[in-house]
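Just below is one structure, and these are the notes that go with it.
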Amino acid sequence: MTVNQLARHQEPVRASAPGGLIMRQIQCHYQQLVIAFSGALLVIAISGGPACAHPPREDRITVLSHAIDHDPGQAHLHWERGEVLRREGEFLPARADFERALEIDPGFSEARLSLAVLFLESGSPGRALRELGRFLEIHPENGLGILTRARVRVALNQLNAAVADMDRAIELLERPTPDLYLERARLASGLGSSFLDQAIVGLDEGVDRFGNLPTLQLYAVELELRANRPDAALARLGKLLPVYPRRESLLARQGDILRLSGRTLEAQAAYTAAVDELARLTPEVRRRPATAALEERLRRELRISPGTSGQGGHP
């Protein structure tokens with residue numbers, strides 16, 4: 001369904017909607033949600049101001065149900081209601097809506113993809129893969145479809161194929177998120193030690209695209225250690241330290257890596273710097289369980305009393 005086709009669907013719905021409230025809600029609904037399917041990516045573009053904020057879930061179901069009652073032949077209305085239901089975990093009525101949308105319009109690709117997502121989320125990855133096969137036969141370069149197939153293949157334990165799909169999805173998606181790079185790295189690294197370099201290269205692609213993100217670099221640190229490259233892990237931590245808002249945890253990790261590498265004096269210096277960072281925090285923050293546990297561990301590593309820092313100069 002193209003944007004123009006969707007626009008042609010809008011007028012009958014608006015004209016037949018009962019009552020002023022329902023009328024306004026439907027108008028806001030279409031002002032906010034424009035569904036375009038270009039054959040490359042499903043794009044959801046949101047517009048409109050605060051006056052057209054999303055209504056509660058029950059109101060959206062009511063609006064769409066009224067619209068369907070007055071014009072039941074509109075496939076996109078069944079699909080949109082199915083999406084609301086699917087996101088709420090109401091899989092049976094959502095599936096009924098998606099299947100009804102496809103009965104009305106067998107070429108409605110968004111409904112086919114949504115049905116595949118539903119089968120994945122409801123624990124039927126085999127059925128999801130079949131639906132994706134039909135979808136991707138028509139839209140082989142659709143990044144969202146290929147990403148969904150990657151996750152389906154994970155559920156089916158087809159991990160090598162899943163990594164390949166993740167690679168392709170990231171290439172095709174117009175705006176892949178950092179989380180996708182992390183998801184791909186976790187998947188690749190789970191295939192065994194021979195895939196660690198591939199996972200790290202993928203994370204570095206994310207760093208090149210998004211900048212020095214802690215989520216990507218910290219997982220790369222763990223993979224460098226699994227690959228027995230402590231110096232590379234330390235170099236990554238060194239890049240993060242200047243930009244990380246709470247340095248004590250990174251310094252503690254740095255100390256751990258140095259200690260395990262037999263670099264005792266450098267480890268002590270890192271632990272001392274971490275304790276000094278903790279000393280700059282407010283008493284309230286230092287009393288938090290995770291922070292207090294970290295400080296206790298650091299002092300134990302340094303073998304100093306709780307009343308002094310690593311330099312012996314701070315209370």
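The values are calculated or read from the model by the stated rules, or taken from the named source; none is laboratory data. Every value quoted in this text rests on a predicted model; they were computed, and no experiment measured them. Neighbour counts are summed over all protein chains in view; Cβ atoms, including those assigned to glycine, are modelled from backbone coordinates with ideal geometry.
Based on what the data block shows, is Ala94 touching a Leu at 6+ places or on another chain (Cβ under 6 Å) and farther than 29 Å from Phe195 by Cβ? Here the answer is yes, as Ala94 does meet what is asked. Scanning the stretch 235-264 for residues that are surrounded by fewer than 19 Cβ atoms within 10 Å (Cβ to Cβ) and not in a helix (DSSP H, G or I) returns Leu241, Pro242, Val243, Tyr244, Pro245, Arg246, Ser261, Gly262, Arg263. Limited to the stretch 89-114, what total is found for residues that are within 20 Å of the chain's Cα centre (by Cα) and free of Cβ contacts under 8 Å to residues at least 40 places away in the same chain? Result for the stretch 89-114: 2.
Could you tell me whether Arg86 is under 21 Å from the mean Cα position of the chain (by Cα) and assigned to a helix (DSSP H, G or I)? The answer is yes for Arg86. Remark: Asn212 matches the filter, which requires a residue to be of a type outside the set (Lys, Arg) and outside any helix (DSSP H, G or I).
Of everything in the stretch 248-262, what is free of Cβ contacts under 8 Å to residues at least 40 places away in the same chain and of a type in the set (A, V, I, L, M, F, W, C)? Give them in sequence order. Leu250, Leu251, Ile257, Leu258, Leu260 - these are the residues of the stretch 248-262 that are free of Cβ contacts under 8 Å to residues at least 40 places away in the same chain and of a type in the set (A, V, I, L, M, F, W, C). Considering Ala267, Ala232, the condition of being small (Gly, Ala, Ser), touching an Asp or Glu at 6+ places or on another chain (Cβ under 9 Å), part of a helix (DSSP H, G or I) and farther than 24 Å from Ala185 by Cα is satisfied by Ala267 alone.
Selection over the stretch 280-307 of residues that are part of a helix (DSSP H, G or I) and either at pLDDT 95 or above or within 35 Å of the chain's Cα centre (by Cα) (or both) gives a count of 14.
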